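The structure appears right after this line, and notes come after that.
The values are calculated or read from the model by the stated rules, or taken from the named source; none is laboratory data. Remember, predicted model here, so these are calculated numbers, not experimental data. As a convention, Cβ positions derive from the backbone with ideal geometry for all residues, glycine included, and neighbour counts pool all protein chains shown. Accessible surface is based on the protein model in full, side chains and every heavy atom, while ligands, DNA and RNA are left aside. Shrake-Rupley method; radii C 1.70, N 1.55, O 1.52, S 1.80 Å.
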Amino acid sequence: YVNYNKLSMRNIITILIFVKVLIFANITLSKDFSNFEEQIFPEVILFDESDSQIKLSSYLKSENNKITILNFWATWCPPCIDELPSLNNLSKDLMAYNIDVLAVSMDRGNTSELVEFLEDNGGKNLIFLQDKNWSAGKNIPIQGLPVTLIVKNRSNILKIIYKHLGPLEWDHKDIKRGILNLVNNS
């Protein structure tokens, strides 16, 4: 029996840290990126950091990357915030391979405040987009956060080739190696 009225902020933080440890303890870093059934990437309408509406498929095709990484996150999601620095490091490491890492906020808040939040929490090298209308949430579908997709562009046909639910150490060498293998096999 837990009396929630008597929980202190220290107890809440301790519980959150415990949950985080449990989550990260169950993550294997040798992800098999090839063991995923490809899916056609659906049409998704998002907003960029200047609050302009964009069709995500058009954006991905115009960038002409073989692979793009899309991370869906929110300000109210502690595991999402915790993995932002590792995504940021991954983004820096993959720039040489023409791979973009997009941070898609699922928040409905003010765009400029969300961009600032992303940068303040370790996401300076991530490309900000916002899903104000839960377009990706409905069309992909996204049923939990964080969720990360790896999208392949082959002859202007976009396919989801990998989907990961939950946080991950994205800058771990085994994860980077797995992503680069996807690029080389595309």
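So residue 27 fits all but one of (1) modelled with pLDDT of 60 or more; (2) touching an Asp or Glu at 6+ places or on another chain (Cβ under 8 Å); what number is the exception?
(1)
Scan the stretch 122-131 and tell me whether some residue there is farther than 23 Å from residue 179 by Cβ, in contact (Cβ under 8 Å) with a residue 24 or more places away in the chain and open to solvent by 40 Å² or more (accessible area, probe 1.4 Å).
No, the stretch 122-131 contains no residue that is farther than 23 Å from residue 179 by Cβ, in contact (Cβ under 8 Å) with a residue 24 or more places away in the chain and open to solvent by 40 Å² or more (accessible area, probe 1.4 Å).
Name the residue, out of 141, 167, that is touching an Asp or Glu at 6+ places or on another chain (Cβ under 8 Å) and part of a loop (DSSP other than H, G, I, E, B).
Among 141, 167, only 167 is touching an Asp or Glu at 6+ places or on another chain (Cβ under 8 Å) and part of a loop (DSSP other than H, G, I, E, B).
State whether one or more residues within the stretch 99-119 are part of a loop (DSSP other than H, G, I, E, B), of a type in the set (Asp, Glu) and either in contact with a Lys or Arg (Cβ under 7 Å, 6 or more places away or on another chain) or closer than 18 Å to residue 55 by Cβ (or both).
Within the stretch 99-119 (the criterion being part of a loop (DSSP other than H, G, I, E, B), of a type in the set (Asp, Glu) and either in contact with a Lys or Arg (Cβ under 7 Å, 6 or more places away or on another chain) or closer than 18 Å to residue 55 by Cβ (or both)), the answer is no, since none of the residues qualifies.
Is at least one residue of the stretch 63-74 at pLDDT below 95 and among the aromatic types (Phe, Trp, Tyr)?
no
Taking the stretch 132-182 as the region of interest, how many residues are in contact with a Leu (Cβ under 9 Å, 6 or more places away or on another chain), farther than 20 Å from residue 73 by Cβ and open to solvent by 20 Å² or more (accessible area, probe 1.4 Å)?
4
Could you tell me which of the residues 93, 82 is touching a Lys or Arg at 6+ places or on another chain (Cβ under 9 Å), farther than 23 Å from residue 182 by Cβ, assigned to a helix (DSSP H, G or I) and open to solvent by 60 Å² or more (accessible area, probe 1.4 Å)?
Sole residue among the options that is touching a Lys or Arg at 6+ places or on another chain (Cβ under 9 Å), farther than 23 Å from residue 182 by Cβ, assigned to a helix (DSSP H, G or I) and open to solvent by 60 Å² or more (accessible area, probe 1.4 Å): 82.
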